[in-house]
Amino acid sequence: QSVNDPKFQDMFEIPYADFRNLKNFYFWPVLGNHDYPDDEEDFIRDINAQINYSLKSPLWRMPYSYYSMPKLPSWLHIFLFDTELLIDDAGNSNISGDPKQEEVARKYLCNPKRKGWKLAMGHHPFLTFGPRGTTYAPRNKNDMDAMAKFIHPILKDCKVDIYFSGHDHVQEHISTPHFELIVQGGGSEANSLWKTNEPPLYFSSLFQTTDSYSKKYVKGKELGFSIIKASKHKIEVNFFKVPKDGSNFSNTYTYKKDLN
């Protein structure tokens, strides 16, 4: 509720205290559905508290609810979406919850001067084989349709290489004709994958043909995290699982790009 809210200590500063010893290491947060209370005045207060916390914490960097990451190498470009604001009640509409954000994202990602890797991040995925990729709850369908309508065209038109998300508490790498999808929600909770027929998985119209996607890595019921390593000509996406006896490397995917 404010920059002095004890949640900042309990959920961020204390768990990640060791990172203060690293030089030039920062957290760049992405807002999700739990950052938005039902009352509009409350969510404006809560979001502003998180933005303003950037002025108080040596680790936390959040210039706005959506933003492009500054001070990156000339070959790396990252845009962080506020997907909750974009998809809010927008699944059955042709107007997103935040047209201005669409404009800013497209202007940044589609700029022809931005050569090299283009990465985008947001809380909600386009496609997931976890419980939030089903029609079990009407909200899931709304979220997926809105993502397909308002964010997918930006990523496709701007030739984004990889889109990273969370929301569903599973770990996934799904390949589409236009970009790679990484879902990493296994950091604090591990959900089961839904069976394909109970309840039925929901695919937005963008993913209805059998050749529109391929599952490269799909894991449920497993705590874990991902590390992405980027260099001028190569990006590695590494998945790790966290069993009871410690962290184990699980899988990696490599993408290469000729920037000469």
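Shape descriptor for the stretch 1-147: Rg over Rh equals 0.98 (Cα atoms; Rh from the Kirkwood inverse mean 1/r). The order of the peptides 95-104, 5-14, 163-172 by mean Cβ neighbours within 10 Å, most packed first, is 163-172, 95-104, 5-14. One chain, two ends: residue 214 and residue 5. Fully extended at 0.36 nm per residue, the span grows by 71.0 nm beyond their Cα-Cα distance. With 0.36 nm allotted per residue and the present C-alpha distance subtracted, the residue 248-residue 26 stretch has 77.5 nm of extension available. At a probe radius of 1.4 angstrom, the accessible area of the chain per residue rounds to 54 square angstrom.
Each label point was placed 7 Å from the Cα along the Cα-to-Cβ direction; for residue 55 and residue 233 their separation is 4.6 nm. Taking the 1.4 Å solvent-accessible surface of the chain as the whole, the part contributed by carbon and sulfur is 51%.
A straight chain from residue 205 to residue 45 at 0.36 nm per residue would run longer than the Cα-Cα distance by 54.0 nm.
In this simple spin-label approximation, residue 17 and residue 76 carry label points 7 Å from Cα along the Cα→Cβ vector, and these lie 2.9 nm apart. Counting only DSSP H runs of at least 4 residues, each contributing -39500 (n - 2.57), and dividing by the residue count of the chain, the helix-based mean residue ellipticity at 222 nm comes to -5500 deg cm²/dmol. Once you've got the Cα coordinates, tell me which of 107/256; 23/229; 7/56; 229/257 are over 19 Å apart. Cα-Cα > 19 Å for 107/256; rest within. How high is the FRET efficiency from residue 69 to residue 136, r the C-beta distance, R0 30 Å, rounded to 0.05? FRET efficiency, residue 69 to residue 136: 0.30. When both the stretch 107-137 and the stretch 49-78 are represented by their alpha-carbon centers, they are found 18 Å apart.
The values are calculated or read from the model by the stated rules, or taken from the named source; none is laboratory data. Computed from a predicted model, the values in this text were never measured in an experiment. For neighbour counting, all protein chains shown are included, and Cβ atoms are generated from backbone atoms with ideal geometry for every residue, glycine included. Ligands, DNA and RNA are stripped out before the accessible areas are found, and what is left, the full protein with its side chains, is counted by its heavy atoms. Shrake-Rupley method; radii C 1.70, N 1.55, O 1.52, S 1.80 Å.
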